[in-house]
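K.L.:
I have a structure here, written as structure tokens, and I will follow up with some questions on it.
All of the numbers you see were taken from the coordinates with simple rules; none came from a lab. Keep in mind the model is a prediction, meaning the values are calculated, not measured. Backbone-built Cβ (ideal geometry, glycine too); neighbour counts: all protein chains shown.
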Amino acid sequence: MKFDFNRLYFTTTGRIGRAGFWLGMVGIVVVAVVAILVVAGIFGPLSVVAEALVFFIELLLAYPAYAVMAKRFHDRARPAATAMPAIGIPLVTALLTLTGLTGSEAGPNLLGEVLSFINLVIGIWILIDLGILPGTRGENEYGPDPTVTTR
């Protein structure tokens with residue numbers, strides 16, 4: 001299998017298997033961690049500038065994460081839009097956190113607790129649905145089975 005960076009991170013057509021999903025998500029996490037560490041090292045981990053830049057990094061990585069999840073949902077015979085809650089809700093949570101509506105440095109408020117729980121549920125759903133369960137066998141409406149090699 002030839003690795004296609006642009007197809008993995010910037011298109012929502014076609015299907016990817018579990019290996020492609022994990023490769024894509026690990027790549028996004030590595031980029032996020034490195035970028036956040038650089039921002040925290042330059043501006044301090046709790047500065048307003050660092051928090052704003054971290055939110056900007058999350059925004060930049062949202063589409064590549066959506067593209068990876070969309071293709072994996074296609075492999076599970078579901079539309080790409082199924083990934084929208086997994087992208088949108090954490091982004092809304094991050095924005096509300098940035099504006100201070102989810103609590104303070106001392107701890108989260110009720111809204112922060114509820115959103116944390118919702119994000120945990122979303123994370124478990126994505127882990128099981130996209131990272132563990134197999135895709136549909138054979139061709140489906142989104143394309144050929146990514147686990148079948150053609151010669």
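K.L.:
Explain nothing, just the number: relative contact order of the range 17-132, from Cα pairs under 8 Å at least 6 residues apart, as a whole percent.
P.N.:
Dividing the mean separation by the residue count of the range 17-132 yields 26 percent.
K.L.:
Still on this model: Show that you can apply the helix-only estimate: for the chain, add -39,500 (n - 2.57) for every DSSP H stretch of four or more residues, divide by all residues, and state [θ] at 222 nm to the nearest 500.
P.N.:
Calculated mean residue ellipticity at 222 nm is -20500 deg cm²/dmol.
K.L.:
Here's another thing I want to ask about it. Compute the length gained on full extension between residue 137 and residue 105: take 0.36 nm times their separation in residues and subtract their Cα-Cα distance, giving the result in nm to one decimal.
P.N.:
The residue 137-residue 105 span can extend by a further 6.7 nm.
K.L.:
Going by C-beta contacts inside 10 Å, put 31, 121 in order with the fewest on the left.
P.N.:
Lowest count first: 121, 31.
K.L.:
Compute the separation of the alpha-carbon centres of the range 5-50 and the range 107-151 and state it in Å as a whole number.
P.N.:
Here the answer is 16 Å between Cα centres.
K.L.:
Viscosity 0.890 mPa s, temperature 25 °C: give me the Stokes-Einstein translational D for the range 17-132 in µm²/s, with Rh taken as the Kirkwood radius over C-alpha pairs.
P.N.:
This corresponds to a translational diffusion coefficient of 162 µm²/s.
K.L.:
Here is a follow-up. List 58, 141 from most exposed to least, where exposure is judged by having the fewest other Cβ atoms within 10 Å.
P.N.:
Least crowded to most crowded, the residues run 141, 58.
K.L.:
Moving on to the next point. When you take every Cα atom in the range 24-72, what is the radius of gyration, and what is Dmax, the widest Cα pair distance, in Å?
P.N.:
Computed over the Cα atoms of the range 24-72, radius of gyration and Dmax are 11.9, 37 Å.
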